[in-house]
Amino acid sequence: MHTPRERRPTPRRTRTLIAALGAALAPVVAATVAVLPADAAVPPPPEGWQEVWSDDFDGAAGSLPSDEWIIDTGTSYPGGPPNWGTGETQTYTDDPANLSLDGEGNLRITPIRDSSGQWTSGRIETQRADFKPADGESMRIEGRLQVPNVTGDAALGYWPAFWALGSPYRGDYWNWPAIGEFDIMENVNGIDSVWGVLHCGVNPGGPCNETTGLGDSRPCPGSTCQSGFHTYAFEWDRSGSAEEFRWTVDGEQYHSVSETDMDAATWQDMTSHAGYFLLLNVAMGGAFPDGVQGSPTPTDATESGVPMVVDYVAVYQSGAASARG
């Protein structure tokens, strides 16, 4: 997630965090808006792109995601940083109440607070860990989703994310952030804003300003992030003289990082390995929502049971056709 998924639980976001804080302080009444139906299928790739892999989350209501995904459980990777490295308070489970298909072509990840005040939620990651553009080509990671439709005090602590981690992280869990992290979509505390962030280099400090990362944010176009589906995408462009990362929401670019923005060794460390795996989760509490709120989250006012709803996730590559995985 925006903060290195496996980083120390220290406050992040700098300039974008400041802007978000003002919005977070405004008392907003939580709204309940009907979720739009899922698209019938993963949309065809844009002109000039070919699909590499996708999941449309079709399946029976109450079933778990397909075996294309690994379901993470507990409060850390085995031997990894506690609380997933970000100070999150929830425990991830494989309970369909937290993580399941809805029978309408969507995946729902639902945080739930039990009678003792403990939170559970869901987190999945792709089996594949080789998503990377070929030399001279570009890769696009895209997902259409609706973040939890809750705002104001009822949203404090909600932290949905769609992101990618470098493959060397698997089995090590202490080589972050050098292996790279692309936060394609992060949202906290029911704020109408999407954050896109790159994590790299060393922690703390370094060329990616860890633990904050190199990020930017903006409101969702047309409707709030909470009230409807939006398409969040990340592109890795290797077609020019300098590689570039780009972040978009509904086709509108709001953030980019170039190879020329840092030293060659740092860029190579995060781009020369086998590739990346994708993650979807909804955390509760932790460094990012606490930092924006200025106090611990979630609170007694936080509403339980509001899902992130994911229509599809797809990976595309420019150039020659690639078979769907």
Is it the case, given these coordinates, that Val188 is within 14 Å of the chain's Cα centre (by Cα) and part of a loop (DSSP other than H, G, I, E, B)? yes
Taking the residues in the range 160-182 that are in contact with a Gly (Cβ under 6 Å, 6 or more places away or on another chain) and assigned to a strand (DSSP E or B) as candidates, determine which candidate is nearest to Asp311 (Cα to Cα). Phe162
Of the conditions (1) crowded, with 24+ Cβ neighbours inside 10 Å; (2) not in a loop (DSSP other than H, G, I, E, B), Cys225 clears all except one; give me its number. (2)
Thr260 being at pLDDT 95 or above, of a type in the set (Val, Ile, Thr), surrounded by fewer than 21 Cβ atoms within 10 Å (Cβ to Cβ) and under 28 Å from Tyr169 (Cα atoms): yes
Within the range 247-261, work out how many residues are touching a strand residue (DSSP E or B) at 6+ places or on another chain (Cβ under 6 Å) and of a type outside the set (A, V, I, L, M). 8
Condition met for Asp55 (closer than 18 Å to Phe131 by Cβ and more than 19 Å from the chain's Cα centre (by Cα)): no
Condition check: under 22 Å from Val194 (Cβ atoms) and surrounded by 22 or more Cβ atoms within 10 Å (Cβ to Cβ). Does Gly157 satisfy that? yes
Report those strands (runs of 3 or more DSSP E) wholly inside the range 56-138 carrying at least 2 residues which are out of contact with any Gly (no Cβ under 7 Å at 6 or more places or on another chain) and under 28 Å from Thr297 (Cα atoms). 69-71, 107-109, 119-121, 123-126
Answer yes or no as to whether Trp119 is crowded, with 20+ Cβ neighbours inside 10 Å, within 30 Å of Gly201 (Cβ to Cβ) and among the aromatic types (Phe, Trp, Tyr). no
Any strands (runs of 3 or more DSSP E) falling wholly within the range 237-325 and containing at least 3 residues that are in contact (Cβ under 8 Å) with a residue 24 or more places away in the chain and farther than 30 Å from Ile112 by Cα: 252-258, 308-318
All but one of (1) without any contact (Cβ under 8 Å) to a residue 40 or more places away in the chain; (2) touching a Phe, Trp or Tyr at 6+ places or on another chain (Cβ under 9 Å); (3) under 21 Å from Asp261 (Cα atoms) hold for Asn175; which doesn't? (3)
Can you list residue pairs whose Cβ atoms sit under 7 Å apart, with the first residue in the range 65-94 being farther than 24 Å from Thr212 by Cα and the second being assigned to a loop (DSSP other than H, G, I, E, B) and at pLDDT below 95? Count only pairs 6 or more apart in sequence or on different chains. none
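The values are calculated or read from the model by the stated rules, or taken from the named source; none is laboratory data. Just so it is clear, the structure is predicted and the values come from calculations on it, not from any experiment. As a convention, Cβ positions derive from the backbone with ideal geometry for all residues, glycine included, and neighbour counts pool all protein chains shown.
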